[in-house]
Amino acid sequence: MKFYDGRSYAPEQSVGHLMKRIMLLMQRQVERRLAAHDLTSAQWVPLWLISLGQADTAQALTCAVNMDAGAMTRLLDRLEAKGLLERERSQDDRRVVRLKLTDAGRDVVRHIPGVLADVNNEALAGFTRDEFKVLTAMLTRMHATLLAAEESA
């Protein structure tokens, strides 16, 4: 079934447009709250990914956040200058530089889950538990559909 027609497509009525607007509003809320911890949106995401074990090199972060290598290097330089992470050359392969959170980095990262939970909960204010489950299921299905289409391309 097709829900949109290119001849009458109105971006403000598109699911993608609405999701992007929601994400932008949520990102602004997260950034506003993490500013108290001296973190910008660009800075907290890599720190969070490192803390979750989802990335431990500049290359892995570059792919995860869709940022060019030069911008990532500059961002990591700033985070290192703030004392939030350190670079450590791999003992196994001297070409690889691993990223590790410092004690200060771990301390600031511990605020991120609470901020994310608060912002998500505020966005879902007024939803019932059943509506939340349906919304989550539908978004999960959309994600899987788009991921499968990307993988088959």
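Building the convex hull from the alpha-carbon atoms of region 1-73 and averaging its projection over directions returns 7.4 nm². Across region 26-43, computed HN-Hα scalar couplings (Karplus, 6.51 cos²θ - 1.76 cosθ + 1.60, θ = phi - 60°) run 5, 4, 5, 5, 4, 5, 4, 6, 7, 4, 4, 9, 6, 10, 9, 4, 5, 8 Hz from first to last residue, x flagging Gly and Pro. Taking a sphere under 15 Å around the Cβ of residue 14 and counting the other residues whose Cβ falls inside, with K and R at +1 and D and E at -1, yields a net charge of +2. Provide Rg over Rh for the chain; use the alpha carbon set for both Rg and the Kirkwood Rh (inverse mean inverse pair distance). Looking at the chain, the ratio lands at 1.04. Under the criterion of Cα pairs below 8 Å and six or more residues apart, the relative contact order for the chain equals 20 percent. Extending 7 Å from the Cα toward the beta-carbon at both residue 120 and residue 15 defines two label points whose distance is 2.0 nm. Placing unit charges on the Cβ atoms of the charged side chains and taking the dipole of region 26-125 about its Cα centre, the candidate lying farthest along the positive direction among 34, 76, 64 is 76.
If you sort the three axes of the alpha carbon gyration tensor as a ≥ b ≥ c, you get a/c of 1.5 or more for region 32-96 and a/b above b/c, which makes it prolate.
Residues in region 117-139, backbone N under 19 Å from the label point at residue 65 (7 Å along the Cα-to-beta-carbon vector): list them, ranges by number please. Residues 117 qualify, since their backbone N sits under 19 Å from the label point. In this Cβ point-charge picture (+1 for Lys and Arg, -1 for Asp and Glu), the chain has a dipole of about 120 debye about its Cα centre. Rounded to whole numbers, the Karplus 3J(HN,Hα) couplings from phi for region 95-106 are 6, 8, 10, 8, 9, 9, 6, 7, 4, 5, x, 5 Hz, using 6.51 cos²θ - 1.76 cosθ + 1.60 with θ = phi - 60°, and x at Gly and Pro.
Rule-based calculations on the coordinates, nothing more; no lab input. Worth saying up front: this structure is predicted, and the values here are computed from it rather than measured. Quick reminder, even Gly has a Cβ in these numbers, built from the backbone with ideal geometry, and neighbours come from all protein chains shown.
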